[in-house]
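K.L.:
I have a structure I would like to understand better, so I am pasting it below and will then ask my questions one at a time.
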Amino acid sequence: MNTNNNQRILRGQTLAFVGNPFEVGADHAFDHCDDGAVLIEKGRVVAVGQAGEIIENNKTAPIVDYGDGLIMAGFVDAHTHFPQSDIIGSYNDGLLDWLTRHTFPAEMRFSDPQIGKRKAELFLDQCFLNGVTTAGVYCTVHAQSVDAFFQAASQKNVLMAAGKVCMDKNAPEALMDTAQSAYDDTKALIEKWHGAGRNRYIITPRFALTSSSQQLKALGVLWKEHPTTLMQTHLSETKDEIAEVLKLFPAHKSYYDVYESFGLTGEGAIFGHCIHLSDDERQMIATSGGAIAHCPTSNAFIGSGHFDLAETRRAAPEIKLSLGSDVGGGTSFSMFATMKGAYEAARANGSMLHPAEAFWLATIGGAKVLRLDDKIGNLAAGMDADLVVIDLKSTPLISARVKRAETLADVLFAQMIMADERAVKATYIAGELLYDRSTGL
Ligand code: GUN
Ligand code: ZN
């Protein structure tokens, strides 16, 4: 019997970050324990350390032994679209074609709250079986899609940041709001959901092509009125899109300048993609405190280009960076696939991405971008117990590869290149086991 009100010990290898690998160097970023343990109580991590010591000091706590499974903070997907879960892998000839042919028809169905409920549940299940414990999520233009999403998230007690997509032009009639209704509906949703339980609200103009100046302005005002919310949008994903934006907003110096002039930049702003930015734009994002969500599998699939992380950091070393699956432009919920995509994008640009950097981006990077790094993104006492346990030998081939690895970094590199959801042994949300691969729970 567990007498210690949901106290428990997870035993296995443990992995935490003690520094930002981009700053301290990849070799000094990790704290790894071969036989470690994590003490959880009331949804929080209370202690992380050597198994012997943690068990000795907490004799009545039940122990879940994961053997040589690796316990770490759950993955944070900083940019994804829950209503696009079932259009992953839709054949397309670039972003604007993909949006009109696949995305908008799929999103129209979310006027029905039952569809919203079913797809929110599908999305969350996919997150958990991929070890994703928090995401920055686009809903659809329908307020009921946001209600459906936060209701499902609340039931699981999972920390999700999400918002109603706003668009009042260049979209099918059934998917458009107005400047006023976008303001009113978003405001009502913020009041209902932001800070309710673990939920966070993100003000969400889809992108400059689908919002009028009036709408962008109204959302900028609304964000000022609710400064603890976040703001997410797409920026400089494809060259065709940029040309269209500059045609529609001829008075503006750049695509980024459109958002800046309407008060949609600064701390808490998350810009998806950012492939084709100038150095000036990169520096403006960095100095304003804004952030980039790099979405590599989407960029490769849609043919948008390869985000140059190294060049972005060279131009703006302080810029906040994270990784996004961008489902369903992206091809996988898995952050292993997303890290692999980021590595491949780096190689396409003639640079590299060390596994310490990739895992940091996929956890703490995302948490920082969502302004949640005091709660999630790392394995440490005081943090929420949103955890993933990784089977480092999830297939015969990975097992053979890992046997040859001489360093932890190489073991992690093998995971990010070869692993998929079969490597996720368990996912904990606020200390509760919400996914267990062995039982399919
Ligand atoms: N730009 C505007 N909307 C979208 C979207 O839904 N997905 C992607 N990848 N880019 C966008
Ligand atoms: Zn997107």
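K.L.:
Return the only residue of Phe301, Phe307 being within 16 Å of ligand 1 (Cβ to nearest atom), in a helix (DSSP H, G or I), among the aromatic types (Phe, Trp, Tyr) and more than 22 Å from Leu129 (Cα to Cα). Walk me through how you get there before you give the answer.
P.N.:
Details: Phe307 fails: in a helix (DSSP H, G or I).
Phe301 is the lone residue from the list that is within 16 Å of ligand 1 (Cβ to nearest atom), in a helix (DSSP H, G or I), among the aromatic types (Phe, Trp, Tyr) and more than 22 Å from Leu129 (Cα to Cα).
K.L.:
Can I ask one more? From Ala345, Ala315, Ala337, which residue is among the aliphatic types (A, V, I, L, M) and either within 14 Å of ligand 2 (Cβ to nearest atom) or over 23 Å from Ile87 (Cβ atoms) (or both)? Spell out how you get there, then give the answer.
P.N.:
Numbers: Ala345 fails: either within 14 Å of ligand 2 (Cβ to nearest atom) or over 23 Å from Ile87 (Cβ atoms) (or both); Ala337 fails: either within 14 Å of ligand 2 (Cβ to nearest atom) or over 23 Å from Ile87 (Cβ atoms) (or both).
Exactly one residue qualifies, and that residue is Ala315.
K.L.:
Please go through the stretch 285-298 and pick out each residue that is part of a helix (DSSP H, G or I) and away from ligand 1 (no atom under 11 Å from the Cβ). First the steps, then the outcome.
P.N.:
Narrowing the stretch 285-298 to residues part of a helix (DSSP H, G or I): 285-288, 296-298.
Ile285, Ala286, Thr287, Ser288, Pro296 - these are the residues of the stretch 285-298 that are part of a helix (DSSP H, G or I) and away from ligand 1 (no atom under 11 Å from the Cβ).
K.L.:
Right, something else. Among the residues of the stretch 63-85, which ones are within 16 Å of ligand 2 (Cβ to nearest atom) and either open to solvent by 10 Å² or more (accessible area, probe 1.4 Å) or not polar (S, T, N, Q) (or both)? Steps first, please.
P.N.:
Residues of the stretch 63-85 within 16 Å of ligand 2 (Cβ to nearest atom): 76-85.
Listed by number, the residues that qualify are Val76, Asp77, Ala78, His79, His81, Phe82, Pro83, Ser85.
K.L.:
State yes or no: is Leu277 away from ligand 2 (no atom under 13 Å from the Cβ), farther than 26 Å from Gly350 by Cβ, assigned to a loop (DSSP other than H, G, I, E, B) and open to solvent by less than 20 Å² (accessible area, probe 1.4 Å)? Lay out the reasoning, then the answer.
P.N.:
On the way: away from ligand 2 (no atom under 13 Å from the Cβ): yes; farther than 26 Å from Gly350 by Cβ: no; assigned to a loop (DSSP other than H, G, I, E, B): yes; open to solvent by less than 20 Å² (accessible area, probe 1.4 Å): yes.
It is false that Leu277 is away from ligand 2 (no atom under 13 Å from the Cβ), farther than 26 Å from Gly350 by Cβ, assigned to a loop (DSSP other than H, G, I, E, B) and open to solvent by less than 20 Å² (accessible area, probe 1.4 Å).
K.L.:
Now for a different question. Which of the numbered conditions does Tyr259 fail, given that it passes all the others? Conditions: (1) touching a strand residue (DSSP E or B) at 6+ places or on another chain (Cβ under 9 Å); (2) more than 16 Å from ligand 1 (Cβ to nearest atom); (3) touching a residue at least 40 places away in the same chain (Cβ under 8 Å).
P.N.:
Every listed condition holds for Tyr259 apart from (2).
K.L.:
Here is a further query. Does any residue in the stretch 159-170 that is of a type in the set (S, T, N, Q) come within less than 7 Å, Cβ to Cβ, of a residue that is open to solvent by 10 Å² or more (accessible area, probe 1.4 Å) six or more places away or on a different chain, and which pairs are these?
P.N.:
Asn170/Leu209
Table: residues versus (1) assigned to a loop (DSSP other than H, G, I, E, B); (2) surrounded by 20 or more Cβ atoms within 10 Å (Cβ to Cβ); (3) among the acidic types (Asp, Glu).
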{"position": "Gly195", "(1), (2), (3)": "yes, no, no"}
{"position": "Thr204", "(1), (2), (3)": "no, yes, no"}
{"position": "Ala218", "(1), (2), (3)": "no, yes, no"}
{"position": "Lys224", "(1), (2), (3)": "no, no, no"}
{"position": "Pro250", "(1), (2), (3)": "yes, no, no"}
{"position": "Val258", "(1), (2), (3)": "no, yes, no"}
{"position": "Gly266", "(1), (2), (3)": "yes, no, no"}
{"position": "Gln283", "(1), (2), (3)": "no, no, no"}
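K.L.:
Another one. Pairs needed: first member in the stretch 109-129, closer than 15 Å to Ile87 by Cβ; second member anywhere, open to solvent by 70 Å² or more (accessible area, probe 1.4 Å) and among the basic types (Lys, Arg); C-beta distance under 8 Å; at least 6 residues apart or different chains.
P.N.:
Ile115/Arg109
K.L.:
Which one of the conditions (1) away from ligand 2 (no atom under 13 Å from the Cβ); (2) in contact with a Gly (Cβ under 7 Å, 6 or more places away or on another chain); (3) farther than 21 Å from Tyr255 by Cα; (4) open to solvent by less than 60 Å² (accessible area, probe 1.4 Å) does Ala300 fail to meet, given that it meets all the rest?
P.N.:
Among (1) away from ligand 2 (no atom under 13 Å from the Cβ); (2) in contact with a Gly (Cβ under 7 Å, 6 or more places away or on another chain); (3) farther than 21 Å from Tyr255 by Cα; (4) open to solvent by less than 60 Å² (accessible area, probe 1.4 Å), the lone unmet condition for Ala300 is (4).
K.L.:
Sticking with this structure for a sec: Could you pull out the residue among Ala196, Ala179, Ala162, Ala148 that is of a type in the set (Gly, Ala, Ser) and within 16 Å of ligand 2 (Cβ to nearest atom)?
P.N.:
Details: Ala196 fails: within 16 Å of ligand 2 (Cβ to nearest atom); Ala179 fails: within 16 Å of ligand 2 (Cβ to nearest atom); Ala148 fails: within 16 Å of ligand 2 (Cβ to nearest atom).
The match here is Ala162.
K.L.:
Being closer than 22 Å to Gly136 by Cα and open to solvent by 10 Å² or more (accessible area, probe 1.4 Å) is true for just one of Thr228, Thr233. Which residue is that? Steps first, answer last, please.
P.N.:
On the way: Thr233 fails: open to solvent by 10 Å² or more (accessible area, probe 1.4 Å).
Step by step, each of Thr228, Thr233 is checked, and only Thr228 is closer than 22 Å to Gly136 by Cα and open to solvent by 10 Å² or more (accessible area, probe 1.4 Å).
K.L.:
Is it the case that Asp93 is more than 12 Å from ligand 1 (Cβ to nearest atom), in a strand (DSSP E or B) and among the charged types (D, E, K, R)?
P.N.:
Working: more than 12 Å from ligand 1 (Cβ to nearest atom): yes; in a strand (DSSP E or B): no; among the charged types (D, E, K, R): yes.
When the stated conditions are applied, Asp93 does not pass them.
K.L.:
Taking the condition of being among the acidic types (Asp, Glu) and closer than 20 Å to Val424 by Cβ, how many residues in the stretch 107-148 meet it? Steps first, please.
P.N.:
First, pick out the residues of the stretch 107-148 that are among the acidic types (Asp, Glu): 107, 112, 121, 125, 147.
If we keep only those that are closer than 20 Å to Val424 by Cβ as well, we get 121, 125.
Count: 2.
K.L.:
Write out, first by first residue and then by second, each pair whose Cβ atoms fall under 6 Å of each other, whose residues are 6+ apart or on separate chains, and whose first residue, in the stretch 230-246, is more than 16 Å from ligand 2 (Cβ to nearest atom) while the second is modelled with pLDDT of 95 or more and open to solvent by less than 20 Å² (accessible area, probe 1.4 Å).
P.N.:
If the second residue must be modelled with pLDDT of 95 or more and open to solvent by less than 20 Å² (accessible area, probe 1.4 Å), the pairs left are Glu244/Leu209.
K.L.:
If you go through the stretch 2-21 one residue at a time, do you hit one that is under 26 Å from the mean Cα position of the chain (by Cα), loosely packed, with under 14 Cβ neighbours inside 10 Å, on the phi < 0 side of the Ramachandran plot and not aromatic (Phe, Trp, Tyr)?
P.N.:
Here is the first cut: in the stretch 2-21, the ones under 26 Å from the mean Cα position of the chain (by Cα) are 10, 12-21.
Then drop every residue that is not loosely packed, with under 14 Cβ neighbours inside 10 Å, which leaves 18.
Restricting the remaining residues to those that are on the phi < 0 side of the Ramachandran plot gives 18.
Within this subset, residues satisfying the condition of being not aromatic (Phe, Trp, Tyr) are 18.
Yes, there is a match, as at least one residue in the stretch 2-21 is under 26 Å from the mean Cα position of the chain (by Cα), loosely packed, with under 14 Cβ neighbours inside 10 Å, on the phi < 0 side of the Ramachandran plot and not aromatic (Phe, Trp, Tyr).
K.L.:
Looking only at the stretch 98-118, count how many residues are buried (at least 24 other Cβ atoms within 10 Å of the Cβ) and away from ligand 2 (no atom under 16 Å from the Cβ).
P.N.:
1
K.L.:
Looking at the stretch 105-144, which of the residues that are in a helix (DSSP H, G or I) and of a type in the set (Phe, Trp, Tyr) is farthest from Leu370 (Cα to Cα)?
P.N.:
Taking the stretch 105-144 first, the residues in a helix (DSSP H, G or I) are 105-111, 113-129, 143-144.
Okay, now just the ones that are also of a type in the set (Phe, Trp, Tyr), so 110, 123, 128.
Working: Phe110: 25, Phe123: 19, Phe128: 19 Å.
For the stretch 105-144, the residue satisfying everything is Phe110.
The values are calculated or read from the model by the stated rules, or taken from the named source; none is laboratory data. None of the values given here were measured: they were computed from a predicted structure. As a convention, Cβ positions derive from the backbone with ideal geometry for all residues, glycine included, and neighbour counts pool all protein chains shown. With ligands, DNA and RNA removed, areas are computed over all heavy atoms of the protein, side chains included. Shrake-Rupley method; radii C 1.70, N 1.55, O 1.52, S 1.80 Å.
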